[in-house]
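A.B. asks: Let me give you the structure first, and then I'll get to my questions.
What follows is calculated from the coordinates using simple rules that are stated; it is not laboratory data. None of these values were measured; they are calculated from a predicted model. Because the Cβ atoms are built from the backbone with ideal geometry, glycine has one as well, and the counts that use them run over all protein chains shown.
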Amino acid sequence: MISATERLIAKRFLKPRNNDGFLSVIAGFSLVGIALGVATLIVVMSVMNGFRAELMKQIFGLNGHVSVYSVEGTLADYDDLLPTLQKLPHVISVIPQIERQAMILRGEKALGVMVRGVSLESLKAHPKVFASLEDKNTQPFSDADGIIIGDKMAESLNLRIGDTLTLVAPNFTQTGFGTLPRLKDYRIINIFSVGMYEYDARFIFMPQPLAEVFFRLPKGNVDSLSLQLDDVDAVADTTKTLNATLNRAVLLRDWRQANSSFFSAVEVERNVMFIILSLIIMVAAFNIISSLVMLVKNKTMDIAILQTLGLPPRSILRIFVLCGMRIGVVGTLSGFVLGLLVTENLENIRGFLEKIFQQRLFPSDVYFLTKLPTALDWGQVGWVVSMSLVLSLLATLYPSLKASKINPVEALRYV
């Protein structure tokens, strides 16, 4: 148990004197190092968590959790499957869709795109897309009159609602003059924005009957059925139920398989960043060792006097542990508060820095998202704070043991 006397002596030892200025500088650097390490870890891990959560949100806003494909190419007579699929546990909606690659031409520009043919009801089942439409009148889409493009595509090609766009099909037409690409002009009837650059710049929504004609599919055929679930983690159970329920040969693909490499890369990057940034706290802990070793050297005479007055070695040990832990605790708490403040205001800080340096710090075409997302995980924050406190405590052990073993006779011999 730490006594009031030990706390008082530790406080006096840390209080700078005229000849202890250098020690105070080292202790200050140790405190700042720990604070910056803790704050950086909290901010970076929050950004990584937010990046992952936002990507999942954007992906699920446009794609289903489980997709059903035919092993024969396209799904015919899919209407027979819809009642069965809609009754499955966790299934919110089932969206029939045609999804194929194509190319668009606009003047001298050519761009590869993904065309998705859906019905108006299926489009409404994508709330993120439907809510972002510039023109809330969706009747033209229902009448198979045109296409819907993303705002980034419209921006890059200088397109507005009412303009026309040339779409090039991936298959060709045989004519008397040879093989020619199939081109068709479509009118832009709406523009969406889901906030993910890859979708906003590369996706086109087209009425299902129009997609059947453009890709030359038999009437009533689709490429897949996209299942939206009420629980992301229910995909395994849903897949097992589908395999046992469906009476035709189908191929099932869930969001984990479709995005496994991407989310695995994000997870690896998050773990590596945690390890690398933890080294900042370890360096600061070594600074605590340096400052305490120098403090012991500087206070050798005082330690010897305290021992001659009857203070036991274990009290000396606790005094220097207190000195080191004061630096560690204050630094950790400062970093904790700083990390929370930066995390909560990161988007404002980014905007402020961009105005100062006149440069984009978070380009959406590189990072896929249009803003810098953050998501605090209090479990991770607890790990960071605990790790910082443990490292601070371990850093005090060697100097404290060294101080407790000082021989007062040897220390006072040359006084």
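A.B. asks: List Y398, Y197 from most exposed to least, where exposure is judged by having the fewest other Cβ atoms within 10 Å.
C.D. replies: If I rank by nearby Cβ atoms, fewest first, I get Y398, Y197.
A.B. asks: Treat each spin label as a single point 7 Å out from the Cα along the C-beta direction, and report the E155 to R360 distance in nm.
C.D. replies: Going from the E155 label point to the R360 one covers 0.7 nm.
A.B. asks: Would you tally the net charge around I316, using a Cβ to Cβ cut-off of less than 13 Å, leaving I316 out, and scoring K and R as +1, D and E as -1?
C.D. replies: Summing Lys/Arg as +1 and Asp/Glu as -1 gives +3.
A.B. asks: Mind giving me the FRET efficiency for D231 and D377? R0 is 25 Å, r the Cβ-Cβ distance, nearest 0.05 is fine.
C.D. replies: Calculated transfer efficiency: 0.80.
A.B. asks: Also, I was wondering about something else. Determine the calculated [θ] at 222 nm for the chain from helices alone, applying -39500 (n - 2.57) to every DSSP H run no shorter than 4 residues and normalising by the residue count; nearest 500 deg cm²/dmol.
C.D. replies: Mean residue ellipticity, 222 nm, calculated: -18000 deg cm²/dmol.
A.B. asks: By how many nm would the segment from L401 to T5 lengthen if fully extended, with 0.36 nm per residue of separation less the alpha-carbon distance?
C.D. replies: The L401-T5 span can extend by a further 140.7 nm.
A.B. asks: Here is a follow-up. So, in nm, how far is label K15 from label V272 when the simple model puts each one 7 Å beyond its Cα toward the Cβ?
C.D. replies: 5.0 nm
A.B. asks: Ok, one more. Filter the cross-link list K124/K184; K136/K355; K87/K184 down to pairs whose alpha-carbon distance in this structure exceeds 32 Å.
C.D. replies: K136/K355; K87/K184
A.B. asks: From the phi of every residue in the stretch 281-295, what ³J(HN,Hα) in whole Hz does the Karplus formula 6.51 cos²θ - 1.76 cosθ + 1.60 yield, where θ is phi - 60° and glycine or proline is x?
C.D. replies: After applying 6.51 cos²θ - 1.76 cosθ + 1.60, I find 5, 5, 4, 5, 5, 5, 5, 4, 4, 4, 5, 6, 4, 5, 5 Hz.
A.B. asks: Separate question: Would you work out which of M103, I149, T238 lies farthest towards the positive end of the dipole of the stretch 72-248, given +1 charges on the beta-carbon of Lys and Arg and -1 on that of Asp and Glu, about the Cα centre?
C.D. replies: Farthest towards the positive pole: M103.
A.B. asks: As a footprinting exposure proxy, order V44, V384 by other Cβ within 10 Å, with the fewest listed first.
C.D. replies: Sorted ascending by nearby Cβ count, the order is V44, V384.
A.B. asks: Still on this model: Would you work out the relative contact order for the chain, in percent, from Cα pairs under 8 angstrom that are 6 or more residues apart?
C.D. replies: It rounds to 30 percent for the chain.
A.B. asks: Please give the contour-minus-distance gain from D145 to F263: 0.36 nm per residue of separation, less the Cα-Cα distance, rounded to one decimal in nm.
C.D. replies: Additional length available on full extension: 38.7 nm.
A.B. asks: Moving on. Treat the count of other C-beta atoms within 10 Å as a stand-in for reagent exposure and order W383, W255 from fewest to most.
C.D. replies: W383, W255
A.B. asks: List the residues whose amide H sits under 5 Å from the amide H of E134, counting only those 5 or more places along or on another chain, with H placed 1.01 Å from N in the peptide plane.
C.D. replies: Sorted by chain and number, the residues that satisfy this are I191.
A.B. asks: Separate question: Between T164 and F130, what is the FRET efficiency for a Förster distance of 22 Å, r being their Cβ-Cβ separation, to the nearest 0.05?
C.D. replies: 0.40
A.B. asks: To the nearest 0.05, how large is the calculated FRET efficiency for N345 and K109 if R₀ is 41 Å and r is the Cβ-Cβ distance?
C.D. replies: 0.60
A.B. asks: Among [x] 136; [y] 162; [z] 210, find the value of volume of the Cα convex hull per residue in Å³ that was calculated from the structure presented, and write down its label.
C.D. replies: The value computed from this structure is option [z].
A.B. asks: Run the quick spin-label model on S290 and Q86: label points 7 Å from Cα toward the beta carbon, then report their separation in nm to one decimal.
C.D. replies: 7.0 nm
A.B. asks: Which shape class applies to the stretch 72-248: rounded if a/c is under 1.5, otherwise prolate when a/b exceeds b/c and oblate if not, where a ≥ b ≥ c are the square roots of the Cα gyration tensor eigenvalues?
C.D. replies: Since a/c reaches 1.5 but b/c is at least a/b, the shape of the stretch 72-248 is classed as oblate.
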